[in-house]
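Heads up: the structure comes next, in structure tokens.
The values are calculated or read from the model by the stated rules, or taken from the named source; none is laboratory data. Everything numeric in this text was worked out from a predicted model, so none of it was measured. Note that we place each Cβ from the backbone using ideal geometry, even for glycine, and neighbour counts take in every protein chain shown.
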């Protein structure tokens, strides 16, 4: 079983989202990664707010579960063999490692994340 390690919330305006999660839900900023990613202090699972670039992906605000993997290539094959659709055939770099986005058979997007 791959553990859920990151919950990413894609937002239209990062500063407004940070204010909301601080004021309404009591979260504090733990770290920032560039101009468009903020990590909030939580319990066990990492909560990320990531600003959507105009014209970028995803096109609308969304939530993305990231499953921690020790072998991203092997687990991408398993996703495909189980009926999922791998959207990132080659994992992409991120501040903490490499990730790849996939869709489950219902079309819901998630990612596999391999930490450095």
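Quick notes on this one:
- Options 54, 95; residue that is closer than 16 Å to residue 36 by Cβ and at pLDDT 85 or above: 95
- Meets criteria (in contact (Cβ under 8 Å) with a residue 24 or more places away in the chain and either farther than 18 Å from residue 104 by Cβ or loosely packed, with under 11 Cβ neighbours inside 10 Å (or both)) for residue 47: yes
- Test: residue 78 is in a strand (DSSP E or B) and over 12 Å from the mean Cα position of the chain (by Cα): no
- Test: residue in the range 72-80 that is at pLDDT 95 or above and buried (at least 17 other Cβ atoms within 10 Å of the Cβ): yes
- No other residue among 64, 14 is under 25 Å from residue 102 (Cα atoms), at pLDDT below 90 and surrounded by 13 or more Cβ atoms within 10 Å (Cβ to Cβ) apart from 64.
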